[in-house]
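Colleague: Take a look at this one; I'll ask things after.
The values are calculated or read from the model by the stated rules, or taken from the named source; none is laboratory data. Nothing here was measured: the structure is a model prediction, and the numbers come from that model. Using ideal geometry, Cβ is built from the backbone for each residue, glycine included, and neighbour counts are taken over all protein chains shown.
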Amino acid sequence: MAVRPTRRGLFGLAGAGAAGLLVGGTGGIAAAGGVPGIAGVPALSGGRDGGRQATVPFYGAHQAGIVTPAQDRLHFASFTMLAGTGRDDLIALLRDWSEAASMLTQGKPVGTGVEPDSLLLPPDDTGEAEGLGSGHLTLTFGLGRALFVGAADDAGEADPYGIRGRLPQAFEPLPSFAFDLLAPGYTGGDLCVQACADDPQVAVHAIRNLARIAAGRAHLRWSQLGFGRTASTSRAQDTPRNLFGFKDGTANLMAEDDGELAEHLWAGDEAPEWLRGGSYLVARKIQMTIESWDRSSLAEQERIFGRTKLAGGPLSGGEEFTEPDFTAPDPEQTAQPAIDIAAHMRLAHPLHNGGARMLRRGYNYVDGSNELGQLSAGLFFISYQRDPATFVRVQRSLKPDLLNEYIRHIGSGLWAVPAGAARGEFIAQALFE
């Protein structure tokens with residue numbers, strides 16, 4: 001089927017073509033200031049005002065916001081297509097979103113900006129990010145399974161957007177896991193957008209404007225703000241801490257590991273052509289019982305994670321990145337291992353999951369407090385993996401995790417993340433060709 005641009009799309013392409021001169025060619029490497037020596041990773045172009053003008057190119061072989069060095073702020077959004085929409089509506093939305101994303105990631109306004117041709121018209125851009133620059137904004141788009149098979153996915157032949165025949169074999173719904181307490185208000189969605197930036201207002205502005213563009217075709221189902229990244233995606237970054245105060249995920253996939261990324265992150269020949277070079281995104285909203293944790297002894301906290309709290313080294317000895325020795329005995333109780341058999345790091349480690357590895361880029365969140373003065377806070381977990389079965393395997397391994405006493409999984413979602421788009425294309429264009 002031939003894909004024709006919308007009226008909005010034609011205007012956006014003209015603007016994107018001019019703006020494209022600022023960020024380089026289709027390969028998606030900015031002029032300067034990136035993390036050196038990482039092949040295929042969009043560089044971060046340096047700018048004025050403490051990096052406010054720094055950009056990550058939208059176009060490239062892979063979508064930005066996956067192996068891009070993790071920014072400190074997140075606005076994650078899940079969208080549902082409106083009843084009665086069809087294939088042309090989905091194509092037009094993805095085209096318009098891609099055009100807008102190419103401008104937003106350069107710190108440029110959407111459409112005609114905050115000054116329309118007539119004062120009687122609403123502005124194309126909401127304006128709250130004027131003067132803030134691009135702030136390393138990345139926008140990463142994912143497609144939900146319901147786009148392929150319909151919302152109910154019963155035994156029928158639902159194919160609302162004419163793409164059921166291109167459903168990847170690996171794209172199965174996530175199963176129910178032990179201790180799941182999922183709330184519909186934080187679960188699922190036909191489309192997702194992950195906006196990451198150095199400035200929270202830049203990320204919020206991006207989602208707000210993409211939601212406005214979606215009007216009449218899709219509506220915002222749920223969203224989540226995040227701060228303080230909980231994972232590093234490059235060795236140039238220090239390992240951050242979660243709200244329990246621990247460093248976690250030191251065995252994370254890193255942008256520098258080309259071979260590991262090809263094996264564990266990017267979809268390959270096993271996937272349909274439209275998904276090759278893409279990945280799968282899992283999002284989990286994990287509420288932490290902060291007050292109970294804060295009353296636990298340091299010894300108990302370290303036993304739960306299997307690490308020292310201050311330095312982050314394994315309890316078997318060594319520094320943060322020392323490979324853990326799961327056979328080492330506890331020096332005070334020689335009949336017990338130094339790292340508990342139900343410690344989080346043991347159960348999540350690739351050695352105990354058939355070598356399974358993921359790329360994590362989660363964030364802390366605080367959604368206020370309840371009437372008892374308890375924080376509604378936790379981890380907004382995000383992982384990317386070549387096959388959703390990787391996440392399923394690791395999550396099932398965590399069933400006896402000592403950490404489960406202090407956490408509740410209250411939200412969940414799985415999306416297929418297409419490969420990146422070349423200049424003049426839109427995200428997932430190959431899916432419709």
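Colleague: Filter the range 255-311 down to the residues that are under 23 Å from residue 355 (Cβ atoms), part of a loop (DSSP other than H, G, I, E, B) and touching a residue at least 60 places away in the same chain (Cβ under 8 Å) and list them by number.
Modeller: Once the filter is applied, which keeps residues that are under 23 Å from residue 355 (Cβ atoms), part of a loop (DSSP other than H, G, I, E, B) and touching a residue at least 60 places away in the same chain (Cβ under 8 Å), the range 255-311 yields 255, 256, 265, 266, 267, 268, 270, 271, 276, 277, 278.
Colleague: Pull out all pairs, ordered by first then second residue, where Cβ-Cβ is under 9 Å, the residues are six or more apart or on different chains, the first lies in the range 232-250 and is in a loop (DSSP other than H, G, I, E, B), and the second is among the aromatic types (Phe, Trp, Tyr) and modelled with pLDDT under 95.
Modeller: Within 9 Å, the pairs are 239/321; 250/321.
Colleague: Give the range 157-193 a look and list any residue that's touching a residue at least 12 places away in the same chain (Cβ under 8 Å), farther than 30 Å from residue 433 by Cα and part of a loop (DSSP other than H, G, I, E, B), or say none.
Modeller: 175, 177, 178, 179, 181, 182, 183
Colleague: For residue 428, indicate whether it is at pLDDT 95 or above and on the phi > 0 side of the Ramachandran plot.
Modeller: yes
Colleague: Have a look at 134, 102, 98, 118 and point out the one that is of a type in the set (Ser, Thr, Tyr), surrounded by 16 or more Cβ atoms within 10 Å (Cβ to Cβ) and assigned to a loop (DSSP other than H, G, I, E, B).
Modeller: Of 134, 102, 98, 118, the one residue that is of a type in the set (Ser, Thr, Tyr), surrounded by 16 or more Cβ atoms within 10 Å (Cβ to Cβ) and assigned to a loop (DSSP other than H, G, I, E, B) is 134.
Colleague: Which of the following residues is on the phi > 0 side of the Ramachandran plot and under 19 Å from the mean Cα position of the chain (by Cα): 278, 228?
Modeller: 228
Colleague: Considering only residues that are polar (S, T, N, Q), in contact (Cβ under 8 Å) with a residue 40 or more places away in the chain and over 18 Å from residue 70 (Cα atoms), which ones fall in the range 94-151? Lay out the reasoning, then the answer.
Modeller: Taking the range 94-151 as the starting set, the residues that turn out to be polar (S, T, N, Q) are 98, 102, 105-106, 112, 118, 126, 134, 138, 140.
Remaining after also requiring in contact (Cβ under 8 Å) with a residue 40 or more places away in the chain: 98, 102, 105-106, 126, 134, 138, 140.
Selection gives 98, 102, 126.
Colleague: Next up: Among the candidates 294, 367, 325, single out the residue that is of a type in the set (D, E, K, R), in contact with a Ser or Thr (Cβ under 8 Å, 6 or more places away or on another chain) and exposed (fewer than 14 other Cβ atoms within 10 Å of the Cβ).
Modeller: Of the residues listed, the single one that is of a type in the set (D, E, K, R), in contact with a Ser or Thr (Cβ under 8 Å, 6 or more places away or on another chain) and exposed (fewer than 14 other Cβ atoms within 10 Å of the Cβ) is 367.
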